[in-house]
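A short write-up of the structure that comes next.
The values are calculated or read from the model by the stated rules, or taken from the named source; none is laboratory data. Small disclaimer: the values here were computed from a predicted structure and weren't measured. Cβ coordinates were reconstructed from backbone atoms using ideal geometry, including for glycine residues, and neighbour counts include every protein chain displayed. Keep in mind that these areas ignore ligands, DNA and RNA; they rest on the heavy atoms of the full protein, side chains included. Shrake-Rupley method; radii C 1.70, N 1.55, O 1.52, S 1.80 Å.
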Amino acid sequence: MDEGLHKHLVAEYGGEFIQKSLANSDPRRAIKEFQEQNGLMDPVSASAMSLLDVLGVSRAETYKGLMQTLREKLLASIPTLGQTQLDSLLSETFPYIAIPELQCIPLALLERHPKVPEPFLQKLADARDTSLYKDLPLSVKIQIWEVVQDLFQSEVFLLFTQYINEATAVTTGYQMVLTGSAQNPKRRRETNPILQQLAKYVGSSVVLYHQTLHFIRTLFVNTANAAFCTLRSELLMALHDLGVAEIRDADPSHRFTWCLDACIRDECVEERRLKEMQSYFESLPANDATYGDIAMVLHDPNACNMLLRNILSVLTELMETNRSPKKHGKLKYLSQLVTLGYKAHDIARTQTEFALPKLDKSIMNEFYPLFIQLLAADRSEIESEVSLGESMLPFIMAFELSRKVLFLYTVSRIRERDVSSLRRLLQTLSKLEPSALEDLSFLVSFVTEVALLGERFDPTLRHVLLDEFLLELVPTSVLLHENMIKIVADHSDRISTRELLQYLAKTWPIAKAIQEEPGPDADRLRIVYSHLFDKNAFIRQHLEGLEVDTTTASMDVS
């Protein structure tokens, strides 16, 4: 660029040239020579310029008018230029790109150019901190990003952060039990401005799409956050919605993801779609890395929870028709898909196990039959002499699939206010390690279902869910503690002050001790307790007036 700038006396080179000319010779002579060398050369123009001088029109006004007229004519001709002409004109005008009055010409040429030569892209990338770079057409930026990866990374990582924060705050994808009509996946994507912006950044560039997937996989490996799996799936389908064939053809997981998206939309895995999925896996070569991408797609909570609901539906149907689950092909295949999703992080981290996992025989032969017995016992409201919960405990400890199925059923029982069933289920779940209960889908669904009960959240049900379950687990888990207080805050206007203080007698000393150490745990508890105190000022005043003994975790509530 420097040579071109010097040749055309553009930017600092023009100023330096004039300064030297005025310093080294008579100023009037230098000005006249500059006008003769750089002004209009033909005789007709010279005569016209002389006439305009006589009429009192300054040379600055004259050249400005000429520039505007010629600029508009040149801009109008750009759409008609062939590739060779585009290349030639871009080379001639690129040195003027920093001049505001002429900038529109090289920008128009760049936007029109399907493949901008790399030297130009690199020079534009070097101007990343200027308004010039910020004002570049997106099509040009995409070509720059294909060459300069760190620029693209800085752009998309900001969007990643916004997307993940929003996905964490808006937890509808984590609902295990649907709360009304599910939002159409396409509509959900279309109304997500962050996702749409990311799709625009990628455009039809296969290079940028693969870079984006690499970033997403890396962040998923580092964080194990399922929202990155949602992003991986939703980005592909957003580009599918926009009809970007280049991306569709470049992503080997597209066919499966498209089929699964239709299942999410319909909230049902029909036999024909199940066969499509089976056909897809049969077409994959052995040990193909695409299994890792499919695992991430299945780990998206929208997909995983839909499949779990279908598994529960099959099990319910088998219970109602008095059939065995042991040889049920659809049930087995759905279970394999869910299990592949649960292995997504391990596959992404180790880059191994590229295959549809084999299902442990005990799930089909022992756990599912026990679960069907549980469904039948709850349906008939007959107390079983044998504790089905105790019998299922080894399976929910060993297998995430079994645990998730029981989580889903538990949440569905909250909606039905099935106190006797919930008491048995929660007694079983309380024997799990706290870390196993810190399942985001389970906790989000648990809190949501309780909130939806409203006035139907009666003292008996509250005692089973809070006193007998969550309250007992508060000392073992900050996450369970947080969700306990969320429920108490949501229903604080329906709980007597005495009961509120009895709850806080056990939870507040623990919370206060945790909040003495700065960190995310302290921040989360501070937020939920602030919400509770905002709804009940008396509770705050009462706690502030007490001397809390954090050793005995006791409180005078008389």
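For 174, 209, write out the residues from largest to smallest accessible area, computed with a 1.4 angstrom probe and no ligands counted. Each step should come with its number before you reach the end.
Working: 174 20, 209 0 Å².
If we order 174, 209 from most to least accessible, we get 174, 209.
How big is the charge dipole of segment 386-499 about its Cα centre, in debye rounded to the nearest 20, if each Lys and Arg gets +1 on its Cβ and each Asp and Glu gets -1 on its Cβ?
240
Please name which of 454, 306, 277 has its Cα lying farthest along the dipole of the chain towards the positive end, using unit charges on Cβ (Lys, Arg +1; Asp, Glu -1) and the Cα centre as origin.
Of the options given, the answer is 277.
Keeping the other protein chains in place, figure out the carbon and sulfur percent of the accessible area of the chain, with a 1.4 Å probe.
On the way: 14480 of 27740 Å².
Exposed carbon and sulfur together represent 52 percent of the surface.
Each residue of segment 307-323 in turn: what ³J(HN,Hα) in whole Hz from Karplus with 6.51, -1.76, 1.60 and θ = phi - 60°, glycine and Pro shown as x?
After applying 6.51 cos²θ - 1.76 cosθ + 1.60, I find 5, 4, 5, 5, 4, 4, 5, 5, 4, 5, 4, 5, 5, 5, 9, 6, 10 Hz.
Report the FRET efficiency, 1/(1 + (r/R0)^6), for residue 505 and residue 126, where r is their Cβ-Cβ distance and R0 is 60 Å, rounded to 0.05.
0.40
Roughly what angle does helix 497-515 make with the longest principal axis of the chain, taking Cα atoms, 0 to 90 degrees, to the nearest 10?
50
Taking the Cα atoms only, what angle lies between the long axis of helix 59-77 and the longest principal axis of the chain, rounded to 10 degrees?
On a 0 to 90 degree scale, this one is about 50.
Normalised by the number of residues in segment 236-343, what is the relative contact order in percent for Cα pairs under 8 Å and 6+ residues apart? Write out the running numbers ahead of the final one.
On the way: 72 pairs, mean separation 28.3, N = 108.
Over segment 236-343, the number comes to 26 percent.
Tell me, what is the 1.4 Å probe accessible area of residue 249, in Å² to the nearest 10?
It works out to around 110 Å².
How much length is gained on full extension from residue 57 to residue 286, taking 0.36 nm per residue of separation minus their Cα-Cα distance?
Contour length minus the Cα-Cα distance gives 74.5 nm.
Angle, helix 478-490 long axis vs. longest principal axis of the chain, Cα atoms, 0 to 90°, nearest 10?
Value to nearest ten degrees: 80.
For segment 184-228, rounded, prolate or oblate, judged on the Cα gyration tensor with a ≥ b ≥ c (square roots of eigenvalues), a/c < 1.5 rounded, else prolate if a/b > b/c?
On the way: a/c = 2.73, a/b = 1.20, b/c = 2.28.
Oblate.
Which whole-Hz ³J(HN,Hα) couplings does segment 107-117 yield from phi under the Karplus relation 6.51 cos²θ - 1.76 cosθ + 1.60, θ = phi - 60°, glycine and proline marked x?
Ordered by residue, 3J(HN,Hα) equals 5, 5, 5, 5, 5, 7, 7, x, 8, 5, x Hz.
Gain in length, residue 493 to residue 206, computed as 0.36 nm per residue apart minus the alpha-carbon separation, to one decimal in nm?
So the extension gain works out to 97.8 nm.
With +1 on each Lys and Arg Cβ and -1 on each Asp and Glu Cβ, and nothing else charged, work out how big the dipole of the chain is about its Cα centre, in Debye to the nearest 20.
It comes to approximately 1000 debye.
What accessible surface, in Å², does a 1.4 Å probe find on residue 476, ignoring ligands, DNA and RNA and rounding to the nearest 10?
Residue 476 exposes around 80 Å² with every protein chain in place.
Full-extension gain between residue 517 and residue 135, please, as 0.36 nm times their residue separation minus the C-alpha to C-alpha distance. All intermediate terms of the calculation are to be shown ahead of the outcome.
Working: separation 382, 0.36 × 382 = 137.52 nm, distance 4.62 nm.
My answer for the length gained is 132.9 nm.
Suppose R0 equals 56 Å. What FRET efficiency, 1/(1 + (r/R0)^6) with r the Cβ-Cβ distance, do residue 34 and residue 166 give to the nearest 0.05? Don't jump to the answer; show the numbers that get you there.
On the way: r = 59 Å, r/R0 = 1.05.
The value I calculate is 0.45.
Could you work out the relative contact order of the chain, using alpha carbon pairs under 8 angstrom and six or more residues apart, expressed as a whole percent?
For the chain, the relative contact order is 9 percent.
For residue 73 and residue 267, what does the FRET efficiency come to when R0 = 56 Å and r is the distance between their Cβ atoms, rounded to the nearest 0.05?
Efficiency computed from Cβ-Cβ geometry: 0.40.
Provide the per-residue ³J(HN,Hα) series for segment 463-477, in order, calculated from phi with Karplus coefficients 6.51, -1.76, 1.60 and θ = phi - 60°, each as a whole number of Hz, with x at glycine and proline positions.
Couplings: 5, 5, 6, 9, 4, 8, 10, 4, 4, 5, 9, 3, x, 9, 8 Hz.
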